[in-house]
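First the structure, then my questions, so here it is.
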């Protein structure tokens, strides 16, 4: 499976009563279907998966499956803290027709999960999973950064086909490329380092920013792919500026607000995540306004 | 409510098929009932709560409630990532007759949960909880260390009555004491710093080590309480040596193995936590053997 | 050599033209001579040693030697980044009559100085030093926390007689005690954890706060030594409050200002250290005012 | 001043008696003169500046000045812990004909050097310096990572013309580019991220690896400059592999050994830095052997 291209890390919209709004989710997917996004990633960190109940997760998986255009690749976040629950979630995603599972490392008992335990966990999940597994390194949330040696060991498993690296560490991304076979999919999880990551061998991106600015992220991918260095560098700088504010500073709450501004159904996140303050909204709107000419240009 | 004394952070025993073994749990509680432990803490970090399903947690809460001697104080770990689920779990514990809820901070979206968000979360939970709330700071697992300013702000809430500080930072424990009213219960979560923490004002301990060595932990508490400085210092040194190996190095898996050696039902933890290796078991047994004279003495 | 008691980490006063003011230093020493301080530590972190030239350091060593009362133990900070310069400084201190050398680990090339390199460095210095060597762990400045295993290995050297632990990690301080012979001097470097550290086996303190509040630090030491638990705990809480503001928040600049308020010659530090702001001075003065009744009481 | 191109961070060779060997240094410079290196950086972290005495530093500055080919730009590392000593060293470098000074932040009193203090330090140095100043961010050694806001503020000073970013954080490097005027020189300090850094706007590199492999580093720079994407990516991957072993794992000791293998005068570093072990030497030699075909190709 080749995971080239841009995948948005989907957000989860809520109705006024706080329940998951599947119609709003459908609305978003239908709009994304008209873009050149390579597929969709559901129930990732951007999807607030850790704030959802099991039934809610199931409803989301079903709705995205039903709404997605045929050609889109579907990836489900299925990592739980326990090995058995991770396997169960992965099997459910496979049953519903998802093409691959994105599995973050268990992390609560950080000091106890040594390399050996993490590798055993991922291998067990990959053994049991009916669909290919993608590793997921996001140390800012889990406190665990997968090492090149760990990824190399896991890449030998026939059912582990790639990694999403959200660490922001471009040298580390290059190390993953260097330590794995050419067919292994190294994907970057930060819009701010998309181009630099491609330069060290990444081939795709799973980006929260692509939920709000899919065209711009796809345009950057295309410029890189076609070797238009100067234009790519210019657009990368625009995207990095957006990413700095939206992702690094405001997080998924910022992504959701930006989606609202662009005609998607973003809304506010679930508590304990707080809605944006007025001042933050203004800065996001100003940033968006400044992007538009660039968007047009790209 | 006065939380003086020693509370064990209970472990969760499993049957051979991997399911929770309530009979083994009952066995443990019945033995603990004969000690001077002040009460029990269920579903904390030592109880593998993040590896359990909701029905399993419920079964554990019920069994401990039913097996505990009348005079024991019962504290339930109820912290989940989302505010609403934390409230729901807390209400369930109250319904079952628990005396207080131990609430760890939400932590997955660390960079987004600023002071303000954490304080709002705890206040909302305390507002809705029918029973008193105890804060829980365990940065080695959550990546979040509550600050003295945050604890001082939260201590103003009439339904927040204490904090379990598992950070190991004795100066910080003293800061919590200094920043809160005298009635606020500052409890220490590390056997290795029990005596030093009492010296800066802690009044109780919630200790994983007390699940395997309850008599020794209670004896240390008594020596401290009675002002037997030299003996307390000597026993603290013995306890710290045990804690270093069992807790700091081997974690809850070590506690469970040590329980097995002492006639409790410990067993192995759930995956991805790995069982001890032979070499680790040997070191634990040797440590236990070296403890016994000291135990006798104490 | 027994290093029981309280040692102030001396500050370095400057004249108006920015040069070191030896007369002001003499003034301070003469006042300290009238207290029960066990001795003096010169050219430590509090003494701005990294901001001084070699000739300045030499002048300071000479002046303290000449001004100190006969019974005071004299300890010189001699740690430099290179092994050879550390040895040279240590020999010079010995030549001038200092009783021991306090040696911080080399730290610039942190990732390269593995355990092995640090141990080799300290052993080489101890081999060459005419006077006993005291290790110095201050990770907040050096980024290197000596481990119990390293300290245990170094304690076997006949010319290494102790450690100053400024990490603030009381459990670690206890680990140093547990890992070394009874004659090895474990000294604490934080006034905020003086009593807790004694409870795990420390026997002395080298304290920046003792440069401004020597009587109070000595009084606390005496209460601990005599086993007056309640009074010790009360005074420890007062000292911790002072330490929090002066040491943790304002650093050596705060110590110097507090010295000015108490009749010592503190003054301002050398650039790039900045003088206090008016608001900080006011908070220090308010804290000092609130201390006085306690001082009287102690 | 335009600092495009590749600068080696020079090492310091020693004679058998441990003193600085100026003839060996001259030998190296004369060989480098025949390459397309843009200039030389002396007394940086790779040059063991923190292990040198003042007279030794002066000798090195003079020798490099005398040996360097006319067209090479000369940059001197002049950062000391105190502001006044930094200014003095900078003036001395200017006097000797150096074109710019590379100034690392003071860092011993990390918690006390707030943004404000660091900015004041750099401004004072730039005010007093007869030659342009280049900032230097190397958090792995200093514990201080300059922020984009700090660099933006400092870039307004007419005598601060660039930054060497050795953090390895490519997104941060891009942030420096985005936060400063086009003429500001953002240089990367890691060979492993040379190409990715150029993609976000860096224009030059100061590389320890270029002391041992100058041709390869220059070749990579040329491929990037000419837009030969595929070849650049391939060579970047080769260089990153070398950098991982030499720089990340073995540090400047590895650079020096690699220099020995390639006909330069590397030698062993000063204590407390330890010489390589046999096993490390073998891995370095094997890596070098594997590089040669690639070198030929490039």
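The values are calculated or read from the model by the stated rules, or taken from the named source; none is laboratory data. Keep in mind it's a predicted model, so treat the numbers as computed, not measured. Methodologically, a virtual Cβ is constructed for each residue, glycine included, from the backbone with ideal geometry; neighbour enumeration extends over all protein chains shown.
Just to verify a result, which residue in the range B:79-103, among those that are in contact (Cβ under 8 Å) with a residue 40 or more places away in the chain and closer than 18 Å to residue B:141 by Cβ, is nearest to the chain's Cα centre (by Cα)?
Ranking the qualifying residues of the range B:79-103, first place goes to B:102.
So which residues in the range A:1-26 are surrounded by fewer than 16 Cβ atoms within 10 Å (Cβ to Cβ) and under 24 Å from residue A:165 (Cβ atoms), if there are any at all?
A:1, A:2, A:4
Identify the residue in the range D:150-168 that is within 22 Å of residue A:166 (Cα to Cα) and more than 11 Å from chain A (Cβ to nearest Cβ) and, among all such residues, is surrounded by the most Cβ atoms within 10 Å (Cβ to Cβ).
Taking the range D:150-168 as the starting set, the residues that turn out to be within 22 Å of residue A:166 (Cα to Cα) are D:165-168.
Filter again for more than 11 Å from chain A (Cβ to nearest Cβ), leaving D:165-166.
Values: D:165: 31, D:166: 27.
Only one residue tops the list, namely D:165.
For the range C:257-286, how many residues are assigned to a helix (DSSP H, G or I), buried (at least 20 other Cβ atoms within 10 Å of the Cβ) and without any contact (Cβ under 8 Å) to a residue 40 or more places away in the chain?
Total meeting the criteria: 2.
Now a separate question. Can we say residue C:207 is farther than 27 Å from residue C:135 by Cβ and in contact (Cβ under 8 Å) with a residue 12 or more places away in the chain?
It is false that residue C:207 is farther than 27 Å from residue C:135 by Cβ and in contact (Cβ under 8 Å) with a residue 12 or more places away in the chain.
If you take the residues in the range A:169-186 that are in a loop (DSSP other than H, G, I, E, B) and in contact with a helix residue (DSSP H, G or I) (Cβ under 6 Å, 6 or more places away or on another chain), which one is nearest to the other protein chains (Cβ to nearest Cβ)?
Kept after step one, since they are in a loop (DSSP other than H, G, I, E, B), are these residues of the range A:169-186: A:169, A:180-184.
Next, only the ones that are in contact with a helix residue (DSSP H, G or I) (Cβ under 6 Å, 6 or more places away or on another chain) stay: A:180, A:184.
On the way: A:180: 12, A:184: 14 Å.
Of everything passing the filter in the range A:169-186, A:180 is nearest to the other protein chains (Cβ to nearest Cβ).
Can I ask one more? On the basis of being closer than 28 Å to residue C:200 by Cβ and touching a residue at least 40 places away in the same chain (Cβ under 8 Å), does residue B:184 make the cut?
On the way: closer than 28 Å to residue C:200 by Cβ: yes; touching a residue at least 40 places away in the same chain (Cβ under 8 Å): no.
Here the answer is no, as residue B:184 does not meet what is asked.
Could you tell me whether residue B:134 is in contact (Cβ under 8 Å) with a residue 24 or more places away in the chain and within 14 Å of another protein chain (Cβ to nearest Cβ)?
Working: in contact (Cβ under 8 Å) with a residue 24 or more places away in the chain: yes; within 14 Å of another protein chain (Cβ to nearest Cβ): no.
No; evaluated as a whole, the condition is false for this residue.
Restricting to the range B:137-147, name every residue that is within 11 Å of chain A (Cβ to nearest Cβ) and surrounded by fewer than 22 Cβ atoms within 10 Å (Cβ to Cβ). Break it down into steps so the answer makes sense when it comes.
Here is the first cut: in the range B:137-147, the residues within 11 Å of chain A (Cβ to nearest Cβ) are B:138-144.
Across the range B:137-147, the qualifying residues are B:139, B:140, B:141, B:143, B:144.
Among (1) at pLDDT below 95; (2) more than 14 Å from every other protein chain (Cβ to nearest Cβ), there is one condition residue B:281 misses while meeting the rest; what is its number?
So residue B:281 meets the others, but not (1).
Still on this structure: Tell me whether the range A:64-76 contains one or more residues that are farther than 20 Å from residue A:1 by Cβ and modelled with pLDDT of 95 or more.
Within the range A:64-76, one or more residues are farther than 20 Å from residue A:1 by Cβ and modelled with pLDDT of 95 or more.
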